[in-house]
1. Take the alpha carbon atoms of segment 232-257, find their center, do the same for segment 144-189, and report the distance between the two centers in whole angstrom.
2. Under a plain spin-label model, where a point goes 7 Å from the Cα along Cα-to-Cβ, how far apart in nm are ASP144 and ASP39?
3. With runs of 4+ DSSP H residues as the only contributors, calculate the mean residue ellipticity of the chain at 222 nm using -39,500 (n - 2.57) per run, divided by the residue total and rounded to the nearest 500.
4. Assuming a ≥ b ≥ c are the square roots of the Cα gyration tensor eigenvalues, decide whether segment 113-161 counts as rounded (a/c under 1.5), prolate (otherwise, with a/b larger than b/c) or oblate.
5. Can you bin every Cα-Cα distance in segment 260-310 into 10 Å intervals starting at zero and give me the percent of pairs per bin, rounded to whole numbers?
6. What number in nm² do you get for the chain if you take the convex hull of its Cα atoms and divide its surface by four?
7. When the C-alpha atoms of segment 79-208 are aligned to their principal axes, what extent does each axis show, in angstrom, from largest down?
8. Counting pairs of Cα atoms in segment 1-124, how many percent are more than 18 Å apart?
Amino acid sequence: MPTDPEIREELVATVRRFVEKDVLPVASDLEHADEFPEDLVATMRDLGLFGVTIPEEHGGLGLDLLTYVAVIEELAAGWMSLTGILNTHVMAANLLKMQGTPEQKEGLLPRMATGELRGCLSLSEPDAGTDTSALKCRATPDGDEYVITGTKTWVTNGTRAGLVALAARTPEGITCFMVEKEPGERSGSITVSRNIPKLGYKGLETVEMSWDGERVPAACVLGGEAGLGRGQHFILSALEVGRINIAARACGVARAAFEAAIRYAQQRETFGKPIAQHQAIQEKLADMATKLEAARLLTRNAAERKDAGERCDVEAGMAKLFASEAAFEIATDAMRIHGGVGYTTELPIERYYRDAPLMIIGEGTNEIQRLVIARGLLARYPLE
Ligand SMILES: Cc1cc2nc3c(=O)[nH]c(=O)nc-3n(C[C@H](O)[C@H](O)[C@H](O)COP(=O)(O)OP(=O)(O)OC[C@H]3O[C@@H](n4cnc5c(N)ncnc54)[C@H](O)[C@@H]3O)c2cc1C
């Protein structure tokens, strides 16, 4: 069901106020200190953001993806890392919503909706990023349990999460498991073996995780027995939401960079007039705003298609591809417009510049988006 536009606008306005009042004053300091924003996350929980897309019957707000992308854009315009804290959680919740058994939904979604139980998504491995068919993590059946062994990497929220949506190899192929664990560095035989240092996207952890014979009940198989061997299919479909999220994030970062640039261009004077009056700067501002507008329209279009229950890998791929490249270019242009001060750590421009490239890589690199888009187009235009 599409969300009532008034409800959408109300939530977006609330999130915008939260960003202006609580996020912007502290974002750069927390990011430079690589500090987890406990207080901001507590407010996000109070606002119901961890349950935005979780159905009301499971305790969530039950809002559509179009609302979600608007919320993500607002948060990312304040501090992109906040959207990272939400995204893998929302993807895990979405996997449960779409593929979970009734017991899995009832057991996990209500706690996820409040943010009491936070989710992460663990697909990538040291030798399997783009090439998910190379996954080595193994889940071996043993009675009514599975024994999981392997090394996972790039697990965003991996330490603080209490639920891992894990892709592992079973005799039937790749299977998705929903494994509850204790938040922290160690839980049973699961260990956070390394915290990966990053260029940007700081304040939340991205970790390497070792699974050293962790025993989990067979009830953890997403979708029950019918889900065996279908993990790759499930996760690829969840990635559609992930890519739309990345596109929305890119719009947020790009908007923040553009707005800072257009403000600065009217304040900074050279040769006796504001730099906004120089044609070279005007051309940059025009291009930045045009790219931002196009990115936002592509993002909304993909969200609407997904909300309508249609396959949208082409549209999600286009939105992710275009918006992330646009954010990267807009962040760079914002730095150029700011001149020397844009290169200091005293303004958030350098943060946008460091955060933007992640969107080009995450949820499938842009090289891969092009392949996904082309594959989808070829399927839509078969020869008679
Ligand atoms: C900060 C951060 C957070 C992340 N969080 C998560 C997470 O929470 N969960 C998770 O599972 N993963 C996560 N990832 C992993 C991310 O999804 C992968 O990094 C990404 O899919 C690329 O995989 P890779 O790094 O192994 O690169 P590779 O697959 O090694 O690719 C290297 C280069 O080769 C190119 N390439 C590869 N194959 C092809 C091809 N067939 N054709 C053309 N070009 C190709 C790629 O585009 C890229 O340019 C995260 C990554 C980062 C950086």
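Each reported figure results from applying straightforward, stated rules to the coordinates on display, with no laboratory input. Computed from a predicted structure; not experimentally measured. Using ideal geometry, Cβ is built from the backbone for each residue, glycine included, and neighbour counts are taken over all protein chains shown.
1. Between the Cα centre of segment 232-257 and that of segment 144-189, the gap is 23 Å.
2. With each label point 7 Å from Cα toward Cβ, the separation is 4.8 nm.
3. -17500 deg cm²/dmol
4. Here segment 113-161 falls in the oblate category.
5. The calculated distribution, bin by bin, is 24, 32, 19, 15, 8, 1.
6. Mean projected area for the chain: 20.2 nm², to one decimal.
7. 44, 34, 27
8. 51 percent
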